[in-house]
Amino acid sequence: MTTRRRLLIAAAAGATLTPALAFAQEAGEMFAAQTGDLGIVLSPEQLAAGTAFLRKHASVDIHCHPGRFFLRDLPADSPLARAAGAPFEDAVAADMGESCVSGALFASVADLPLLELSATTGLRAGREFLPGEAWRDYRRQLAVLEALVGSGSVSRGLDVADIDTARCSGKTACVFSVEGGDFIEDRLERVAQAHRDGVRAITIVHFHTNQIGDPQTEAPRWNGLTPLGRDIVRAMNQAGILVDLAHASFDTTKQAAEVSDRPMMISHTNLQTPDNRHPRLVSLEHARLVTESGGIVGSVPWGIGQRSFGDWIEAILGLIEAVGVDHVAVGTDMDANFRPVFADYSRWGLIPAALLARGLTEEETAKVVGGNFLRLMAAQRG
């Protein structure tokens, strides 16, 4: 990790955090890079193979928040800004480029103004949006991403060609995405507007039960998608925006699968196990609602049933066994993950190194670290 990024992370982790900052839960673990035991032994030759792999194959993080860019340009009196300290997206972008991350879906957070901590359920929406608030905050976060591209820290990622061009170029292709469809409100024309803005994926629900459907972590209000939500899924298909069903309830996912005529994704989750039934995990049946129509599931390196990087690799391999190697990807949720077991883009080569060491072929590894997402992106209309 670069010295600059170490200092920025340390400063952020040392700040006084308040419940108003939803993403500050377990701050020392959430925002600091893991430096302990990887939980897997890799030889120098295997590590070198991971680095060489990235120079040959495109790799994509299908869900991330690099440097917590979504907090930039919040009002000076915002408790979020006071609690978290300065975002550090430029430092993270440098790590990504140096480490041959070809592309990444930089996810803005649609329901950010609403989020707070609950002692019983974790992150949740503490209130409803004020009139126009969701749209204004979408425009704020979009402007941050536009500025990041304009600064030259990252390149713009609008299509598969942009990501392939960025491979080991020293700059990562920044694909705009939005976590939560709240900003659309009841105006379907905003879906096409988002595509014109460069957005290529929308996670239709996050922690807020919005106008589209039910999330995993709240009691159902709509029993799946709303009628408007069905229209929004159709509008996303027409515009060429990927439907991301991370955070969506089983019924929301099932109904989206019935409506969508394009393959979809669950960008960051893992499978339930007999010993771990956390609400943010999905059953095999849930995952197959997406994968059986050609979609993908991104495995996430979080502290839900994982204690090390090696545990995450096992979760990826288990997902491959369950749904097939053509339907698995990597979604790190960097830098807003819960107790991450992988939290440093300068170590990106560990992922292909570990997958190859655990027996995947070069072709299979290429699918998981980027190829499957690129196929999905190419399958969208636009």
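The values are calculated or read from the model by the stated rules, or taken from the named source; none is laboratory data. What you see is a predicted model; the values in this text were computed from it and never measured. Note that we place each Cβ from the backbone using ideal geometry, even for glycine, and neighbour counts take in every protein chain shown. Only protein heavy atoms, including side chains, enter the accessible area calculation; ligands, DNA and RNA are left aside. Shrake-Rupley method; radii C 1.70, N 1.55, O 1.52, S 1.80 Å.
What to note about this one:
- Ranked by the mean number of other Cβ atoms within 10 Å of their residues, highest first, the peptides 328-336, 145-153 fall in the order 328-336, 145-153.
- Whichever lysines have a C-alpha closer than 16 Å to that of Lys367, once near sequence neighbours (fewer than 8 apart) are set aside: Lys56
- Among beta bridges that DSSP assigns inside the chain, antiparallel share in %, nearest 5: 20 percent
- Estimated FRET transfer efficiency when R0 is 30 angstrom, pair Leu284-Glu362 (beta carbons, to 0.05): 0.65
- Taking a Cβ cut-off of under 14 Å around Gln272, the surrounding Lys, Arg, Asp and Glu residues balance to a net charge of +1, with basic ones at +1 and acidic ones at -1.
- The stretch 154-254: antiparallel DSSP beta bridges as a percent of all, rounded to 5: 20 percent
- Peptides ranked, highest mean first, by Cβ atoms within 10 Å: ranges 156-163, 350-357: 350-357, 156-163
- Peptides 229-242, 183-196, 48-61 ranked from most to least packed, by the mean per-residue count of other Cβ atoms within 10 Å: 229-242, 48-61, 183-196.
- Counting DSSP beta bridges with both ends in the stretch 43-183, the antiparallel % (nearest 5): 25 percent
- The chain: C-alpha pair distances exceeding 29 Å, %: 35 percent
- Cut-off 17 Å, label 7 Å out along Cα→Cβ of Ala52, residues of the stretch 361-382 by amide N: 361-366
- For Ser169 and Thr273, the difference between the fully extended length at 0.36 nm per residue and the C-alpha to C-alpha distance is 33.5 nm.
- Rg over Rh [alpha-carbon atoms, Kirkwood Rh] for the stretch 64-213: 0.98
- Computed over neighbours whose Cβ is under 11 Å from that of Glu179, the net charge equals -4, Lys and Arg +1, Asp and Glu -1.
- 26 Å tail of the calculated P(r), the stretch 142-272, as % of Cα pairs: 25 percent
- Cα pair distances exceeding 18 angstrom across the stretch 223-317, given as percent: 45 percent
- Among Thr217, Thr172, Thr269, the residue with the largest mean-square fluctuation in a Gaussian network model of the chain, with springs joining Cα atoms closer than 10 Å, is Thr217.
- Per residue, in Å², the accessible surface of the chain once ligands and nucleic acids are set aside, probe 1.4 Å: 38 Å²
- Whole-percent carbon and sulfur share, accessible surface of the chain, 1.4 Å: 51 percent
- Estimated from helical segments only, the mean residue ellipticity of the chain at 222 nm is -11000 deg cm²/dmol, where each DSSP H run of four or more residues counts as -39500 (n - 2.57).
- Net length available on complete extension from Ala219 to Arg381 is 55.0 nm, with 0.36 nm assigned per residue and the Cα-Cα distance removed.
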